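Notes follow the structure.
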């Protein structure tokens, strides 16, 4: 639009240049004002708009006259030639354009707040609050700051977003760090530990929530009844705690009796179970069945709920029987009997009996209760149901223990095989599962049973009592570990103090030793004479030989070891005074030690005849015999040679004739020679420098370096740390199985087939608690260790 | 349940005076806890003095009990906490020192160090605990007052001991085939005898069952069992032979000639031999390859022993020196001057700490070979021709026809032998039997098995060398041992060197590499100009071409270096820029940046 207007304006200005100048001059101040108004337009645009507005001002001022005049002008121009006409056509478009540029009156004016407020007071719909706000605004002279540039605002937004995200992310930091540092991670992470959970956790985790529960708990606590482990009251505990010797004896006797009874009972049942006689079992079963039926009849009258349950059980068993065809002709036994039946009367009878059993089992039991129930079912709407029906869905669903709402019963008990027995057997199914089995088979020996049960309950009570009493003394005990903690840190401290001393001492000793050794060498050079006198021991002859062979150069060297072996005692006492503590083996001490002569009770009757047999190499023999002569000298020579070979050689790179005159008798100047002589740094001191009778090879063992670690792995800061961590062996040969397993524990363990879900937010919260708990426990364990 | 009642009963037992049975109403008031008494000892003042003493004792118990768990019975644990382990036992299994804590460590390092400390401590403790399962202890022969143990004859000993032990003292009269050398297998069950005149016999010496007996019709220098009792090596007149336990010749190794002495390194499966031609050779018996052949350049070699701890071979020479060798180095690791005369025999103890040498100068010297320092020196009137150290550190030395056994030659100065025995003729070979109190002596008249109380290690490691193993177990062990075979490259003077970080410079490493490969992989090949025809290969043009190539190379290097320099410069600038940005976050000119 701006472009269009620009065209128009320029045209107009060209046209009007002569006629409208005064008017422009007149309007000018207004224009300036407008310019200031729309500041954020670009400069060019601003200029154009200002011009446009000039025109608009004119139009505003002139109103209709102006338009008329324009038309007139157009008409006049249309009267002209061809070219003018063209222009006229264009101007018509301009008229059309002007529709868009039409402005409301007073557009350029600034709207004052007071104008708005004036109207606000008139309208009643405006709430008082806004009114007040507006009034405040009116009074305040503050100008609103201009909005931030796009970049800056975006930057701020980014900043805020980053902060938000980082806080979100940092919440994970702890758990991530924990997982990273964990010795072993087992995925999936949230897996519950296998096995039964401890009772304490189950109990403490549970809270009375419903009003009924709360009421019950209030009652219990008011009567000082145990809540967590509902077996012993405090009073009972107290009485339990007090037990005299007699009581204890009595109880022990009781226990013994109980144990004996139990064992008898067990033995009896075992024996009974092992009886193979079919007849016996048949009679037994029949008796039981009769008993059961009798009881059931009774139960129908007394305890219809239990009876109903029994009934449902029977029903279930019947269903099973009908399904399984166990007592029909499908079994292995039955098939064999079928074959035999043709010829054998007994077999036929047996089959008959079997079928009878089947019939009996599949027969529907019609009792009073059953009938009642049916009737009731029909008349559900009219009559009020008995309470037990309301209890839970019983009847056919009784195989599901959760549906019955009786937690005390063992679900395993409901196994199908047992169901068969239950039809025929006792009413004990309602009772405690532990006692049930006993009761099932045994009706007569009620005394034993009751006794056993009593013992059982007592035992439970006692256990509970002990479980309660156990934590009591623990409160006092933490003092003891404290003491230990205090004591223990001292020990490692001492050790630590000692450790750094050791290398120091070694160094001291070494340096002392070298200085001492040099001192000896010096002194011995002066005291060559007494050396011969000192040679009184058996090797004297050898020493003599030695002197004879020595050259002047060797003398120097030899003077070192010889006194070391013979003359040290004179110097040693002095050194001893300076030495603080002896450690390891000292050369001077050892070499001065005189050889002990050993007395043997048996004198050798035979000389070493082995040598005489060695006729093959007599030359070697002779050599051996005279070998002792220059043994020491040879050795020293050898040692010196080795030392020299290890020394770095001075490389002379001087070239005669470069930079100076060269010739036959001309030597390069000293300065130059010095400049071109390359001296390398002396090698580290030889390992055998203080061991006169040892030559150690200084060659690097490159074969092992292939297997060594070349560079220090990441977290380690020095070699000693790394070396100490790999010092201990890992294998089964040196460690116990338990240790090996601990050492070679994998860092990450995943369960086969388990899905590893990404961590969820809930886990984060859960872990936070654990972490706090874990960290404290960790700290505890550390403390204890110290 | 029984425990409960006992708990209650017990205090009544302990008390000497009769007291009315405790009732709970009493207990609630004063004697609330008999267990607790230890802590408030003052309260017990009014009770009987006897009881006081008791309680003082109890308190002691209480204190070291710490956080002992209470039992269901309520009775305090009389032995709370883990069982005590004696300090020396712990010391025995100590593998490393505890690491020192450095104040500012990386958390990962801290974790790692703590974990490794914990593990090593656990390993040490458990090993010390399980050491309980090695109950056998060695004893020594002890004479009456003013009676030397060395005067007790073998007959007396064998009369005194049980039949089984007595049967271990015996003589084999084999006068025909000359002085015998011998070797016991690692388990100590089998004995190998090699007569100088070619007689070889393998004996299960405890049952006296002869496994094989042959005559090789050649002089024999040495015999040695290999890793198991199924094979043995015999150093014959010219070559080295390997036979199996039935006397069948398996190998004749021509590479090993004139062998005089042999040693078998069991964990490396190496047979080390020394020859009259001054060669030390290593044969890997598991693959049958010669690992190393070193010319020692020291003449005839007939004194040899191994250090069982680090598998270094010690050789004795005629110039009084003992040299130490590994298969990885062509020169001796250490050369020690031990004797004025020739060295006659060398022995190293099981722990690798001490070396005993005897020489022609009739001296017997004991060295600490960790520090290479002499410890003791003895003078034997006749000089020892043959030395052997037992597992428990007894030293046997043969002087002529007398075998002497010494105790503790390194710690206390010895003046007389622990035991002595005279055999018929000169001793030729001598070995202690592993895991038995027996010393086998081979001499001119055959073989004598002597009883030396306290010589053998009483506790054997069943997984390492089990004297009672069956054939099946032996097979299993063989497979395992082969799997765990140590590479000969790992033989070093200091066996812990493998666990150290190699601190060699890169130059040294490169040198090693060059040595291993035989050529320098990084070396640039020299430019040789191609021969061109038509007179273009004149000396001048060849030289020109050479120079051209050299110039190109030079240009390349210069370019490379300048580029590198530029890069470094650029990086430096960037870094500086960043630093500036970081250091002064808000400068006055910042507002002009957008």
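Laboratory data are not the source of any read-out in this text; all were calculated from the coordinates shown. A quick note: this is a predicted structure, and the numbers were derived from the prediction, not measured. Ideal geometry is used to build each Cβ from the backbone, glycine not excepted, and the neighbour counts take in all protein chains shown.
Full extension from residue B:214 to residue B:170: what is 0.36 nm times the residue separation minus their Cα-Cα distance, to one decimal in nm?
Computed gain between residue B:214 and residue B:170 is 13.7 nm.
How do B:219, A:166 rank when sorted from fewest to most other Cβ atoms within 10 Å of their own Cβ?
Going from least to most buried by this count: A:166, B:219.
Averaged over peptide A:244-251, how many Cβ atoms belonging to another chain are found within 10 Å of each residue's Cβ?
If you average over the peptide's residues, the count of other-chain Cβ atoms is 5.
Roughly how far apart, in whole Å, are the Cα centres of segment B:90-115 and segment A:716-740?
Distance between centres, Cα-based: 11 Å.
Just report the Cα centroid separation between segment B:240-281 and segment B:327-399, whole Å.
When both Cα centres are located, 23 Å separates them.
Under the Kirkwood approximation for Rh and a Cα-based Rg, what ratio Rg/Rh is obtained for segment B:87-133?
1.11
If you take the square roots of the eigenvalues of the alpha-carbon gyration tensor of segment B:196-289 and sort them as a ≥ b ≥ c, do you get rounded (a/c under 1.5), prolate (a/b over b/c) or oblate?
Judged from the Cα gyration tensor, segment B:196-289 comes out oblate (a/c at least 1.5, b/c at or above a/b).
Can you pull the one-decimal nm distance between simple spin-label points at residue A:666 and residue A:153, each 7 Å off the Cα toward Cβ?
Rounded to a tenth, the inter-label distance reads 9.0 nm.
Using Cβ counts within 10 Å as a stand-in for footprinting exposure, how do B:468, B:180, B:282, B:354 rank, fewest first?
B:468, B:354, B:282, B:180
Under the rule of -39500 (n - 2.57) per DSSP H run of 4 or more residues, summed and divided by the residues of chain B, what mean residue ellipticity at 222 nm is obtained, to the nearest 500 deg cm²/dmol?
-8000 deg cm²/dmol
From the C-alpha coordinates alone, can you work out the Kirkwood hydrodynamic radius of chain B, in Å?
The Cα-based Kirkwood calculation yields 31.0 Å.
Where the centroid of each part is defined by its Cα atoms, how far is segment B:506-526 from segment A:656-680 in Å?
34 Å
Between residue A:297 and residue A:344, take the C-beta separation as r, use R0 = 35 Å, and let me know the FRET efficiency to the nearest 0.05.
Efficiency computed from Cβ-Cβ geometry: 0.30.
Mind checking A:708-717 for the average number of partner chain beta-carbons within 10 Å of each residue's beta-carbon?
Per residue, the average neighbour count from other chains is 5.
Quick one: order A:271, A:289 by neighbouring beta-carbon count within 10 Å, fewest to most.
The fewest-first ordering by Cβ neighbours comes to A:271, A:289.
Under 20 Å from the 7 Å Cα→Cβ point of residue A:712, by amide nitrogen: which residues of segment B:93-107?
B:97-107
Considering every residue in B:498-507, what mean count of other chain Cβ atoms within 10 Å of its Cβ is obtained?
Going residue by residue through B:498-507 and averaging, the value is 6.
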